[in-house]
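Novice: Just dropping this structure here.
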Amino acid sequence: MCGIVGCVSEINATRVLLRGLERLEYRGYDSAGVAVIDGNGDLALRRRVGKLIHLMDAVDREPIQGNVGIGHTRWATHGGVTEPNAHPHLSYDGNIALIHNGIIENYEVLKRDLVGRGRTFHSETDTETLVHRIAEHRESCDSLYEAVRRTLAEVEGAYGIVVIDRREPDTIVCAREQSPLVVGVKEGEAYLASDVPALLDYTRDVIFLEDGDIAVLRPGEISITDHDGNAIERSITRIKWDLSQAEKGGYRHFMLKETHEQPRVLGEIMLGRIDAAAGRVNLVEGGEPVLPEDVASRVDRVVLIACGTSWHAALVGAFWFESFAGLPVQVDYASEFRYRTFHVDERTLVVPVSQSGETADTLAAVKEARRRGAPCVAIVNAVGSSMTREVDGVLYTRAGPEIGVASTKAFTTQLAGLYLLAHALGTMRGTLGGDAARARLEELAGVHDLVARALEQESAIESLAATVQSREDFLYLGRGLNYPVALEGALKLKEISYIHAEGYPAGEMKHGPIALIDDGFPVVCVATPGAVYDKVFNNLEEVRARKGRVIAVGAEGDDRIAGLADDVMWVPGAAEAVAPIVNVVPLQLLAYHVALIRGCDIDQPRNLAKSVTVE
Ligand code: M6R
């Protein structure tokens, strides 16, 4: 997610904006820009690709004097990493500048209409549609606020927007829908940002805007309305966090913050991509289909390649490709795949999965697969990363920067991305359609609410963590779709708490790992309803018979699992196909709280790098 700063300030706005953007640097970005209403009443715009220092140099070379302005650090979602795609964007008449975080779902329709009326676009972003449409409305109304309000009535999607108009030189208008905005309150001034750290140098009194709010900021004056123009009162919160706490949104660690971001980012990955009524997934990036029809109909097998957590996501994805698209699927560690005599050709759809898009093994495997003629469609989080330049199509997971080394939101959004791609492949090939296609999409569309409910169990999981944190070995079990979830739970525990944890398919336990189990040995098992539920239950009976301690992930209301397990981490009931996205949440929280109690360096575990760019 990108960073936003805005100010109606008594001092030079450019200084305020650049400092605020520096405070947001920790989140990662690929370009930055500011727009300030200068002393002549003109909009002065500076944008640069790369680090903030480039933007600072540009401002040093051509300084801007003015008190009202907006600034942005961009982490690309629509359109590549280029200066024209950086924010702020200017309207066709040069009067208005706008910044937008989020995704405008109906931007293609809006853009078509604007182009039809002769508007020229200078970027590949969805954002630019907003600024031109606001400028059109502004021609027939007397305030920026009203033009923004009319535009938002036409927009579908998620947004945090901030807008300035050189004809109203003491005003910023901003609005929020599913993308955070915080207003900073100070006598004679007004500030705003996407995140609290950008405000702390100027004020600690803030108003957290809520979805549907439109706010107008003037010197020492803040007014908020809903979309119908009705005034809204929002209370002022005094921020007591220090800067490092503020960067983590008040959470103790990035990992915990990112775990709690999952409901929001799972909502975002689906924006504009699901037509549940038609039972179809719409995957387009930069106007091009992510998976062209001719590729979908030509391929006769799928190969998924990845490393670490992304490999676990790929293992789950295999189930969806098999059942939705009816194709044989192979899942491989990229580091193994590239050194085998592997078989791929133009009839093999290769799907690399990578958060960073920079993992050396995955990149090398993709290059080789493409050299052999295989079409490659990647599931990637980092826009503009090396992987995105090596493949034929990219499905971005839109999780925003993930700073904690232990992947959380990257994993669940990869799952959602794989589900979308498998669904699209199935409907294109005709193996999925009608009610089944609709039902599968409805199940996915509701998953972010289930994840939010799973997160509500955190305090119970924290108490459980206290009772197991001194153990040195854990076994994690699951079957079917939940076997990779068990692997991911074990990886989370070992990487951040340094406890030895092994993930295993529950049915394989009796072929070896059962020898480990003795009195009190912790066995964490994902045991939610589904085709193999009874089988898993039998495996857990085997653990109990040897006095192992059964810690289950169970679906709310399941008395049977409550009767068998020593402890249950409850999750809301989810359709079997999407359950892995929900079931991993308690395992993330368990690993986090165990590591916290053990005093581990959670965000930067020893020996690990966020992105493994060497072999
Ligand atoms: O960036 P990638 O998804 O390609 O990274 C692959 C692994 O290094 C990564 O998933 C790693 O296992 C996780 N960060 C562990 O939590």
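Novice: Fewest Cβ neighbours within 10 Å first, please rank 75, 241, 320 accordingly.
Specialist: Going from sparsest to densest Cβ surroundings: 241, 75, 320.
Novice: Counting other C-beta atoms within 10 Å, which of 200, 55, 415 has the fewest, and how do the rest follow?
Specialist: 200, 55, 415
Novice: Among 132, 343, 312, rank each residue by its count of other Cβ atoms within 10 Å, from fewest to most, as a rough exposure measure.
Specialist: 343, 132, 312
Novice: If you don't mind, another one. Stretch residue 121-residue 83 to full length: gain in nm at 0.36 nm per residue minus the Cα-Cα span?
Specialist: Taking 0.36 nm per residue and subtracting the Cα distance, the gain is 12.3 nm.
Novice: Right, here's the next one. Can you give the local net charge around residue 169? Use residues other than it whose beta-carbon is closer than 13 angstrom to its beta-carbon, Lys and Arg +1, Asp and Glu -1.
Specialist: Result for the neighbourhood of residue 169: -2.
Novice: Rg and Dmax of region 456-597 over Cα atoms: what are they, in angstrom?
Specialist: Over region 456-597's Cα set, Rg and Dmax evaluate to 13.3, 37 Å.
Novice: Which residues in region 32-51 place their backbone N less than 20 Å from a point set 7 Å from the Cα of residue 167 along the Cα-to-Cβ direction?
Specialist: 36-45
Novice: Which log10 I(q)/I(0) values does region 303-431 give at q = 0.13, 0.15 Å⁻¹ under the Debye formula, counting every alpha carbon as one identical point scatterer?
Specialist: -0.45, -0.61
Novice: Quick check: the angle from helix 482-497's long axis to the longest principal axis of the chain, C-alpha only, nearest 10 degrees?
Specialist: Between the helix axis and the principal axis of the chain, the angle is about 70 degrees.
Novice: Once you keep just the Cα pairs under 8 angstrom separated by 6 or more residues, what percentage relative contact order results for the chain?
Specialist: 11
Novice: Here's another thing I want to ask about it. For the chain, just the Cα atoms, rotate onto the principal axes and tell me the three extents in Å, largest first.
Specialist: Taking the Cα atoms of the chain, the three principal extents are 80, 54, 45 Å.
Novice: Can you tell me which of 280-290, 121-131, 369-379 comes out highest on packing, and rank the rest after it, using the mean Cβ neighbours within 10 Å?
Specialist: 121-131, 369-379, 280-290
Novice: Still on this structure, please answer the following. Would you mind checking region 253-291 for residues with the amide N under 19 Å from a putative spin-label position 7 Å along Cα→C-beta of residue 435?
Specialist: 276-280
Novice: Separate question: Report the charge-dipole magnitude of region 3-239 in Debye, nearest 20, computed about the Cα centre from +1 at each Lys and Arg Cβ and -1 at each Asp and Glu Cβ.
Specialist: 540
Novice: Residue by residue through region 331-341, which ³J(HN,Hα) values in whole Hz follow from phi under the Karplus form 6.51 cos²θ - 1.76 cosθ + 1.60 (θ = phi - 60°), with glycine and proline marked x?
Specialist: Those phi angles translate into 10, 9, 5, 4, 5, 8, 3, 5, 9, 9, 7 Hz.
Novice: Measuring from label point to label point, each 7 Å out along Cα→Cβ, what is the residue 456 to residue 371 span in nm?
Specialist: 5.4
Novice: Then there is this: From the phi of every residue in region 165-177, what ³J(HN,Hα) in whole Hz does the Karplus formula 6.51 cos²θ - 1.76 cosθ + 1.60 yield, where θ is phi - 60° and glycine or proline is x?
Specialist: Those phi angles translate into 9, 5, 7, 10, x, 10, 10, 10, 10, 9, 8, 10, 8 Hz.
Novice: Counting Lys +1, Arg +1, Asp -1, Glu -1, what net charge surrounds residue 203 among other residues with beta carbon under 11 Å of its beta carbon?
Specialist: Within the 11 Å Cβ shell, the charges total -1.
Novice: For region 3-239, just list the percent of Cα-Cα distances falling in each 10 Å bin from zero outward, please.
Specialist: So the P(r) values, bin by bin, are 9, 37, 39, 14, 1.
Novice: Using only alpha carbon pairs under 8 Å that are at least six residues apart, calculate the relative contact order of region 1-117 and give it in whole percent.
Specialist: Answer for region 1-117 is 31 percent.
Novice: Determine Rg/Rh for region 250-347; Rg is computed over alpha-carbon atoms and Rh is the Kirkwood hydrodynamic estimate from the same atoms.
Specialist: Rg divided by Rh gives 1.04.
Novice: From the helices alone, meaning DSSP H stretches of at least four residues, give me the mean residue ellipticity at 222 nm for the chain, per-run term -39500 (n - 2.57), in deg cm²/dmol to the nearest 500.
Specialist: Rounded to the nearest 500, the figure is -11000 deg cm²/dmol.
Every read-out reported here was derived from the displayed coordinates using simple, explicitly stated rules and does not represent laboratory data. Not measured: the values here are computed from a predicted model. Here the Cβ is made from the backbone with ideal geometry for all residues, glycine too, and neighbour counts use every protein chain on show.
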